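The values are calculated or read from the model by the stated rules, or taken from the named source; none is laboratory data. The structure presented is a predicted model; accordingly, all values stated were derived computationally and were not measured. Heads up, the Cβs are rebuilt from the backbone with ideal geometry, glycines too, and the neighbour counts pull from every protein chain shown. These accessible areas exclude ligands, DNA and RNA; they are computed on the full protein's heavy atoms, side chains included. Shrake-Rupley method; radii C 1.70, N 1.55, O 1.52, S 1.80 Å.
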Number of protein chains: 2
Amino acid sequence: MSVQERKERERAGRERLIVATARELAEQQGWDAVTTRRLAERIEYSQPVLYSHFRGKREIIGAVALQGAAELAAAVRAATAAADGPRERVYALARAYLDFAARNPAVYDAIFQLDGGLPYAQEDTPEPLKDAFAALLECLGEVAGDGVHPGLFTEVFWASLHGLATLTRAGRLPPEDTEPRVELLVDRLPMV
Amino acid sequence: MSVQERKERERAGRERLIVATARELAEQQGWDAVTTRRLAERIEYSQPVLYSHFRGKREIIGAVALQGAAELAAAVRAATAAADGPRERVYALARAYLDFAARNPAVYDAIFQLDGGLPYAQEDTPEPLKDAFAALLECLGEVAGDGVHPGLFTEVFWASLHGLATLTRAGRLPPEDTEPRVELLVDRLPMV
DNA sequence: ATTCGATCCTAGCGCCGCTAGACAACAGAG
DNA sequence: CTCTGTTGTCTAGCGGCGCTAGGATCGAAT
């Protein structure tokens, strides 16, 4: 039995290595550079080994997305917990969210832009994704305003942040005025 | 002279055919299906002909983006011109923008998501792109509120719409509640 | 009629995601 | 300790991608 356990541990370790390497490569050179050949070379195994862990490249992206979603949730919770008052909490959330997107662009893409084969906004949505939304909801639900559904408000605020994050990083918005944009959003959307 | 003119006309016509075909194919089967081989086959020329018009696939995407941006600007202007009062104009703008994104997803991607090799938010940005932003600014500038720069407000409102459009189409937001989301955005962000 | 340049196509390069089938390594049985 | 069967890994290759070199063809101008 112990032999089997050891093999399973090794297998799990290698799977983590694959995900970590894919993430690293994506952050360094973009997702286009994450090819199965390069990935295999970096983990010092042959290509088919990847396919014994994941159905394909898509699932690898999905694995990075799940890992990233957990980190995003943690970052948002940490930031909001350290802030006093509703307005400050919302501001801290916005900053934490945009900082995460700016510092981990490839991971952010894996979660929100690329096709990782994951179900979103359904009952079988993986826990980390649900939890990331829950982290936003915990803070934003209390500033939705009277008669506005907390979930709906969270969706709209989140979408606004997402728009700022993606348009900025795609060069569609000049990066200079990020700060006043966040201020404007935080001043207008929530009822504080 | 007339011979040369005819050839130039034919050349221009073929270029339009390439762009139109790429757009059609992208809307039908997604941008991944727009390969140089398939595109060449559809226009009934060989692959290298594409490269006598465009530097590569990227530039073809860029051409579709410019065409789309002009249409988006026109759609926004038409919708806002037909609305009475600031609040209604902003609402009409939001609906027109999101409708365009929903009805022309591939074109929308070409403009705002994909790399078409175009410069954005710079002085050498192509006219259609500047004009699309201008169309938004014309309507949104007047509801920015006191002390808020019209351009900045337009950027934020636009980013919010962009977030709603992309997250909805990527399946990250359930499509049912689109309407109340737009209402919320229009009620809160502008000063009407 | 002949030249000569523009135009277009065939063929192919190196890369991609993915997989079939050969081969080695090793746990468990005798 | 040897044999055997499974498990795991690799080599090699398929079809398709963006892109390009070089040769054939066609038509305008002499």
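Between 0 and 90 degrees, the angle of helix A:57-81 with respect to the longest Cα principal axis of chain A falls at about 40 degrees. Placing a label point 7 Å from Cα along the Cα-to-Cβ direction at A:E8 gives distances to the equivalent points in the other copies of 7.4 nm, listed shortest first. In the context of the full set of protein chains, residues of the protein assembly as shown present 49 Å² of accessible surface per residue (probe radius 1.4 Å, heavy atoms only).
Just the protein heavy atoms count here, and of the accessible area of region A:58-188 at 1.4 Å, carbon and sulfur take up 53 percent. Overall shape of chain A was characterised from the C-alpha gyration tensor. The equivalent ellipsoid obtained from it has semi-axes of 35, 19, 14 Å, in decreasing order. With 50 Å² as the minimum drop in accessible area between chain alone and full protein complex (1.4 Å probe), the qualifying residues in region B:153-172 are B:E155, B:V156, B:W158, B:A159, B:L167, B:R172.
Once a ≥ b ≥ c are taken as the square roots of the eigenvalues of the Cα gyration tensor of the protein assembly as shown, is the result rounded (a/c under 1.5), prolate (a/b larger than b/c) or oblate (a/b not larger than b/c)?
Values: a/c = 2.18, a/b = 1.05, b/c = 2.08.
It is oblate, given that a/c is not under 1.5 and a/b is not larger than b/c.
Between helix A:150-169 and chain A there is an angle of about 70 degrees, using the helix long axis and the longest principal axis of the Cα atoms. Here region B:114-178 yields Rg over Rh of 1.05, to two decimals, using C-alpha coordinates and the Kirkwood radius.
Across the identical copies, the label point of B:A81 (7 Å from Cα in the Cβ direction) is separated from its matches by 5.6 nm, in order from shortest.
Only protein heavy atoms count here, probed at 1.4 Å, and on that basis chains B and A bury about 2900 Å² of accessible area in total. Here the Debye sum runs over all C-alpha atoms of region A:1-48 as equal scatterers in vacuum, and log10 of I(q)/I(0) at q = 0.24 Å⁻¹ comes out as -0.82.
When the dipole is taken about the Cα centre of chain B, and only Lys, Arg (+1) and Asp, Glu (-1) are charged at their Cβ, what size is it in debye, to the nearest 20?
On the way: 23 positive and 29 negative charges, 159 e Å.
Magnitude of the dipole: close to 760 debye.
Considering only B:V90, B:A121, B:P175, the residue lying farthest towards the positive end of the dipole of region B:58-188 is B:P175, judged by Cα position with unit charges set on Cβ.
Suppose every K and R has +1 on its Cβ and every D and E has -1 on its Cβ; what is the size of the dipole of region B:6-53 about the Cα centre, in Debye to the nearest 20? Walk me through the intermediate numbers first.
Numbers: 10 positive and 8 negative charges, 54 e Å.
Rounded to the nearest 20 debye, it is 260 debye.
The alpha carbons of region B:153-192 give a radius of gyration and a Dmax of 10.5, 32 Å, in that order.
Rounded to the nearest 20 debye, the dipole size of the protein assembly as shown about its Cα centre is 1500 debye, using +1 on the Cβ of Lys and Arg and -1 on the Cβ of Asp and Glu. For chain A, the longest principal axis of the alpha carbon atoms and the long axis of helix A:2-29 meet at an angle near 50°. Scan chain B and hand back the longest stretch that contains none of the GluC sites (Glu not before Pro) lying in DSSP loops with at most 12 other Cβ atoms within 10 Å. In short, B:45-122. Label-to-label distances for A:R42 across copies, nearest first, come out at 3.4 nm, using points 7 Å from Cα in the beta-carbon direction.
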